[in-house]
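Below: one structure, written as C-alpha cells.
The values are calculated or read from the model by the stated rules, or taken from the named source; none is laboratory data. Because the structure is predicted, anything quoted here is derived from the model rather than measured. Please note: Cβ atoms are built from the backbone with ideal geometry, for glycine as well, and neighbour counts cover all protein chains shown.
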Amino acid sequence: MDKAKEQILLERLSRLGNVVVALSGGVDSSYLLWAALKALGPERVLAVTAVSPVIPSREREAASQIAKMLGARHLFLPTEQMADPEFLANTPERCYLCKRTVFSKLVEFARQEGFQNVAEGSNVDDELDFRPGARAIKELGILSPLKEAGLSKEEIRHLSRLARLPTWDKPPQSCLATRIPQGKPITIEDLAMVEKAEDFLISLGLRTVRVRHHYPIARIEVGKEEMSKVVERAEDIVSALKAVGYGYVVLDLQGYRPGGV
C-alpha cells in the first residue's frame, strides 16, 4: 500500500515543474527531498535549510549531509524569529509565528531563485497533533506532498528504509524553543544552554533527548529504554550540565513525550 502512495507522491511532484524543499534533515523532509529528486531531477530541485538560534547546529549538519548524499543543491537561509518580539514572548502562538517567519522568507527566496513551489514534510499523522504552525503553512500556500499522498510516519520510515536513506529510523526532532516553558521569554542564552546540554547527552549515545529548561533546573527527558544509561552516567551528566550553567539536574521518570515542557 505504501508503495502505491509513493507512486502517487512521485506523480504529484513530477507535475510541479520545480520545487524548493524545506529540508530539516529529519525523516520526513529527507524522504521528501529524495522523492522530489527522483520525480524532477536535481536541476529542478533546491533544498533549503533554515538557520536560526532555535535550530540546533547538529540538525543543520544533518541536513547538509543528507543533501550531499542525495546529490541535491542545498543552501542555508538565515531566518529572523529572534527579531520578532511576539515570538520571543513565547505565547501559545509561538509555533505559528515561527513557521510564518520561516516560510515567508522561504517563499520570498524561492521566487528570487525562479522556483514557483515550496514544499515541506508534514504527514497525515501530524493532523492528530496540536500543531499551530500548520496554519501558517496553509496561509502561505506551502505544499505538503507527503500528507497529500496520504503517507503516515510509519510508511515514510518504511519507504525511507527501502530507499536506503540513513534517516529512516531517526528519532523525532523539534526546535530548541520547545524546551522553554510557555510564557517564559525566549533568549539566545537559554537556547544555547539547552543545545550544549543536549549535545553532551547525545555524545553519550542517547538517541531521543530533550532538556527542558526550568532554570536553574535541567529536566532531562529520554526514551524509557534509555533511562538506565542516564542513571549509569549520572555523575558525568550532572558535571557536564552544571558546567553549562544549570544548578540542578533531574531525570523525568515519565520519559520523552511529544509536546512536553
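Determine whether the stretch 106-124 contains at least one residue that is free of Cβ contacts under 8 Å to residues at least 60 places away in the same chain, under 29 Å from S228 (Cβ atoms) and in a helix (DSSP H, G or I).
no
May I ask you to say which residue of A67, A72, A136, A149 is surrounded by 15 or more Cβ atoms within 10 Å (Cβ to Cβ), under 30 Å from A4 (Cα atoms), touching a Pro at 6+ places or on another chain (Cβ under 9 Å) and in the same structural domain as G17 (by TED's automatic domain parsing)?
None of the other options fit; the residue is A72.
What are the residues in the stretch 23-47 that are of a type in the set (A, V, I, L, M) and surrounded by fewer than 24 Cβ atoms within 10 Å (Cβ to Cβ), if any?
Matches in the stretch 23-47: V27, L37, A39, L40.
How many residues does the stretch 81-105 hold that are in a loop (DSSP other than H, G, I, E, B) and in contact with a Phe, Trp or Tyr (Cβ under 9 Å, 6 or more places away or on another chain)?
Within the stretch 81-105, the first condition is being in a loop (DSSP other than H, G, I, E, B), and the residues that meet it are 84, 89-93.
Then drop every residue that is not in contact with a Phe, Trp or Tyr (Cβ under 9 Å, 6 or more places away or on another chain), which leaves 93.
The qualifying residues number 1.
Considering only the stretch 186-238, state which residues are crowded, with 20+ Cβ neighbours inside 10 Å and in a loop (DSSP other than H, G, I, E, B).
Once the filter is applied, which keeps residues that are crowded, with 20+ Cβ neighbours inside 10 Å and in a loop (DSSP other than H, G, I, E, B), the stretch 186-238 yields I186, L206.
Quickly run through the stretch 163-185 and pick out the residues that are assigned to a loop (DSSP other than H, G, I, E, B) and among the β-branched types (V, I, T). Don't jump to the end; show me each part of the working.
Taking the stretch 163-185 as the starting set, the residues that turn out to be assigned to a loop (DSSP other than H, G, I, E, B) are 163-175, 180-185.
Across the stretch 163-185, the qualifying residues are T167, I180.
Assess whether K170 counts as being closer than 30 Å to A243 by Cβ, surrounded by fewer than 21 Cβ atoms within 10 Å (Cβ to Cβ) and outside the structural domain of A243 (by TED's automatic domain parsing).
Yes: the conditions hold for K170.
Being more than 18 Å from the chain's Cα centre (by Cα) and either closer than 16 Å to K170 by Cβ or not assigned by TED's automatic domain parsing to the domain that holds Q182 (or both) is the filter here; which residues of the stretch 202-222 pass it? It would help to see each step written out before you state the result.
Applying the first criterion (more than 18 Å from the chain's Cα centre (by Cα)) to the stretch 202-222 yields 203-205, 213-220.
Across the stretch 202-222, the qualifying residue is only G205.
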